[in-house]
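The values are calculated or read from the model by the stated rules, or taken from the named source; none is laboratory data. Only a predicted model underlies this, so the values are computations on that prediction, with no experimental measurement involved. Neighbour counts run over all protein chains shown; Cβ positions are idealised from the backbone, glycine included.
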Amino acid sequence: MTEERPDPIAPLGNQLYDDAADWFAKMRGPDAKSHESDFKAWLARGALHRAAYNKVSEIFTDSGRVDDPDGSVASEKPRSRPGKQGLAMIALLIGLGAISAKVMFHAVLDRQEAGQLQHGAPDHFTVASAVGQIRSIALPDGSTILLDTNSEVQVAFTASDRRLRLVRGRARFEVAHEHRPFNVAAGAGTVTARGTIFDVRLAEGGKVSVALLRGAVDVTVASSGATSRQRLHPGEKTAFAPHLEAPRPIGDSEPNLWTQAKGEFHDVPLVDVVIEANRYARVPIDIGDAETERLRVSGIFSLKDTEALSMKLAALFDLEREAGKERIILRQRQDKRKFHP
């Protein structure tokens, strides 16, 4: 695999994270009230701005997220480290120019990834990727996690077991062999492994997919008061939502596609391709009419660059393409629509 791993703040745009870090400092400084209206306007510019601020806030405070731009951010009360005095000092240092918000963000992000920020221990922490980012994280036991775009995994290691939870997105787990079981929870199920490589994806609708590349795993699902268990062998995959499906073979190219931000599609509606691509997108694709949504698509597509993908789809189906700063719209051409009222 030759894909270059981007800088942690790059996927949402360096400038976007810089701005978010600056706003974080301002809204915890002595002049927070005077900045409040401008701050709310900045948040209201879109989901990516809120996502960037949420990440900065999460890294610094391990506390409240700003999902509601109408809420009063200035009154947020962090639940844990670094605490009010620490936040005040951060704001003061940034305000005095002693340290930039971006430098501070990098420093705290590095500490979090080492497991030293959350809960104060290297065996209990959270790792996450930003929109458009695929990143690899080494765990204290020698295992590694490869996170797909906009994914999050909670990690809790003890002397007797290794417990993880996929909160959102998709991850590949390459498990170091040792005496402690390695359990990954997602949705209503758990994957248990020792010394193996497997993928877990939690879709927005709640469906969980598990694919085994090497070794063996047990998939356990609790549904309607009953428990189902299934052993996967290398080259097999399964899913549950919540009922456990029978194992199926993994396609030859399937395991490596998502690690390169690519997707393979077989006679699916075009809207399905767009939904998958928008998981990686800073500028998402919208479909302007039902007829375009229903177009059938097959092939392997690079999903990370929605501008290039939209141009390819527009050429493939002779669609009208309207590109703006906030979104790209694909629709039937006007001369076609005249004949299909």
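General remarks:
- The strands (runs of 3 or more DSSP E) found entirely in region 85-201 that carry 3 or more residues being in contact with a helix residue (DSSP H, G or I) (Cβ under 9 Å, 6 or more places away or on another chain) and either modelled with pLDDT of 75 or more or over 23 Å from TYR53 (Cα atoms) (or both) are 124-128.
- Residue satisfying condition, being under 21 Å from ALA138 (Cβ atoms) and surrounded by fewer than 19 Cβ atoms within 10 Å (Cβ to Cβ), within set ALA156, ALA188, ALA216: ALA156
- Scanning region 274-292 for residues that are under 17 Å from GLY263 (Cβ atoms) and either in a loop (DSSP other than H, G, I, E, B) or not β-branched (Val, Ile, Thr) (or both) gives GLU276, ALA277, ASN278, ARG279, TYR280, ALA281, PRO284.
- Qualifying residue in region 279-298 (condition: farther than 27 Å from ASP199 by Cβ, of a type in the set (Lys, Arg), in contact with a strand residue (DSSP E or B) (Cβ under 7 Å, 6 or more places away or on another chain) and surrounded by 14 or more Cβ atoms within 10 Å (Cβ to Cβ)): no
- Subset tally (residues that are of a type outside the set (Lys, Arg), at pLDDT 70 or above and under 19 Å from ALA281 (Cα atoms)) for region 20-48: 3
- Only one of the numbered conditions (1) within 30 Å of ASN183 (Cβ to Cβ); (2) in a loop (DSSP other than H, G, I, E, B); (3) in contact with a Lys or Arg (Cβ under 9 Å, 6 or more places away or on another chain) is not met by ASP218, and that is (2).
- Residues in region 174-192 that are more than 17 Å from ALA211 (Cα to Cα) and of a type in the set (D, E, K, R): GLU178, ARG180.
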